[in-house]
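The values are calculated or read from the model by the stated rules, or taken from the named source; none is laboratory data. Worth saying up front: this structure is predicted, and the values here are computed from it rather than measured. Note that each Cβ is placed from the backbone with ideal geometry, even for glycine, and that neighbours are counted across all protein chains shown. Only protein heavy atoms, including side chains, enter the accessible area calculation; ligands, DNA and RNA are left aside. Shrake-Rupley method; radii C 1.70, N 1.55, O 1.52, S 1.80 Å.
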Amino acid sequence: DAKRGGRRRHSFYADTMGERIRDRHEIEAELREAMRTGEGLDIAYQPYFAAKSGLLLGAEALIRWDHPVRGRMLPAQFVPVAEECGLIETLGEWVLEQACLVAARWPAGTISVNLSAMQLRNPALAERVYAILRRTRLSPSRLELEITETSFVDSSEKCRANLGWLRDIGVRIALDDFGTGYSSFRHLRGFEVDRIKIDRSFVSTIQPGQAGSPVIQAIVDLARLSGLETTAEGVETEQQRRFLTSIGCDVLQGFLLAEPLGATAVEARFFAELHQ
Ligand code: C2E
Ligand code: MG
Ligand code: MG
Ligand code: MG
């Protein structure tokens, strides 16, 4: 009957919610421990390439966590937890410092690091980034920070100030997941960023048998008119690569070209290109 069914459903939901909360607490405690010992945290580096020449231009740092029980975890499984419990600032700084250290060994190229909205709101961000660049001896022009539009939503003034300071010292800013927010094009006008990364959801619309995507074309054209460079993320097929290159998209990133790799593999690729 309906009543009993309803109660059963209710207890079923309460159980999963309870489990989810327990899970969250567990992940938080284990993440704290991993950050304290440094064990299990790892960074993968996904290369990106000049569309026209195919030259390796740099790589994006993507955090991973080798959990003793859950296995290799992707950011979606623990970055939101880190954001909720205030661990993201320490974690983010760790990623930034490791990534800059790795890039300082490359003969050339840019390192891209993802920032959380919380980091961007911190008035000390620019100073901390600068300190890390000094410590790792990486030129500011070789660092690109990736932010998302949601960073602007709550505290756009603090974000703007941070972006201004960072760009003043020569760090570049990329707007990640471009096109998924509600007012993406406003940020083209504001000149707050140097690059836009066209979200994978647009790139995946380029399918066999189609001429291409007029939306992507419009984004690339607008970016060029605004003096911004474009990167397409999630390039998986040869057809997507050809279309994006033909419309003047500057940089390509995706499984077709390279998956996220270990630090030494990316370093080896840079040196291999040097000796070609
Ligand atoms: P994102 O910055 O947009 O990174 C791109 C994501 O797409 C990565 O997933 C990458 O592995 C994946 N990807 C790249 N090429 C392809 C492709 O051709 N096909 C498909 N299907 N996927 C592709 P990942 O590593 O799971 O990262 C997810 C998100 O987590 C990132 O999205 C970024 O927003 C966030 N993230 C990663 N590392 C960090 C970090 O250190 N700090 C912060 N705050 N966020 C991070
Ligand atoms: Mg990114
Ligand atoms: Mg992205
Ligand atoms: Mg994305």
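Key figures for this structure:
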quantity: Residue list for the stretch 237-276, restricted to those being more than 18 Å from Ile111 (Cα to Cα), aliphatic (A, V, I, L, M) and part of a loop (DSSP other than H, G, I, E, B); calculated: Ile247, Leu256
quantity: Selection from the stretch 155-180 of residues that are within 29 Å of Leu252 (Cβ to Cβ), surrounded by 15 or more Cβ atoms within 10 Å (Cβ to Cβ) and at pLDDT 90 or above; calculated: Asn162, Leu163, Leu166, Arg167, Val171, Arg172, Ile173, Ala174, Leu175, Asp176, Asp177, Phe178
quantity: Residue count, the stretch 66-95 (criterion: in contact with a strand residue (DSSP E or B) (Cβ under 9 Å, 6 or more places away or on another chain) and either open to solvent by 20 Å² or more (accessible area, probe 1.4 Å) or under 19 Å from Leu143 (Cα atoms) (or both)); calculated: 10
quantity: Hits in the stretch 197-228 - residues which are in a loop (DSSP other than H, G, I, E, B) and either on the phi > 0 side of the Ramachandran plot or away from ligand 3 (no atom under 15 Å from the Cβ) (or both); calculated: Thr205, Ile206, Gln207, Pro208, Gly209, Gln210, Ala211, Gly212, Ser213, Ser226, Gly227, Leu228
quantity: Pair list, Cβ under 6 Å, 6 or more apart: the stretch 109-135 residue over 21 Å from Arg195 (Cβ atoms) and within 16 Å of ligand 1 (Cβ to nearest atom), other residue part of a helix (DSSP H, G or I) and open to solvent by less than 40 Å² (accessible area, probe 1.4 Å); calculated: Met118/Ile88
quantity: Qualifying positions in the stretch 109-123 - at pLDDT 95 or above, open to solvent by 10 Å² or more (accessible area, probe 1.4 Å) and of a type in the set (A, V, I, L, M); calculated: Leu115
quantity: Gln98 vs. criteria closer than 21 Å to Val129 by Cβ, open to solvent by 60 Å² or more (accessible area, probe 1.4 Å) and not in a loop (DSSP other than H, G, I, E, B); calculated: yes
quantity: Subset of the stretch 50-65 (residues that are open to solvent by less than 20 Å² (accessible area, probe 1.4 Å), more than 11 Å from the chain's Cα centre (by Cα) and within 12 Å of ligand 1 (Cβ to nearest atom)); calculated: Trp65
quantity: Identity of the residue in the stretch 254-264, among the hydrophobic types (A, V, I, L, M, F, W, C) and in contact with a strand residue (DSSP E or B) (Cβ under 8 Å, 6 or more places away or on another chain), that ends up farthest from Leu101 (Cα to Cα); calculated: Leu257
quantity: Tabulated pairs, the stretch 233-246, first under 13 Å from Phe202 (Cβ atoms) and more than 12 Å from ligand 1 (Cβ to nearest atom), second open to solvent by 70 Å² or more (accessible area, probe 1.4 Å) and among the aromatic types (Phe, Trp, Tyr), C-beta under 6 angstrom, 6+ apart or interchain; calculated: none
quantity: Residue in the stretch 191-206 that is over 25 Å from Ser156 (Cβ atoms) and surrounded by fewer than 16 Cβ atoms within 10 Å (Cβ to Cβ) present; calculated: yes
quantity: Glu192, sole failed condition from (1) outside any helix (DSSP H, G or I); (2) more than 19 Å from Ser151 (Cβ to Cβ); (3) away from ligand 2 (no atom under 16 Å from the Cβ); calculated: (2)
quantity: Given (1) small (Gly, Ala, Ser); (2) within 23 Å of Glu157 (Cβ to Cβ); (3) open to solvent by 30 Å² or more (accessible area, probe 1.4 Å), index of the condition Gly262 fails; calculated: (2)
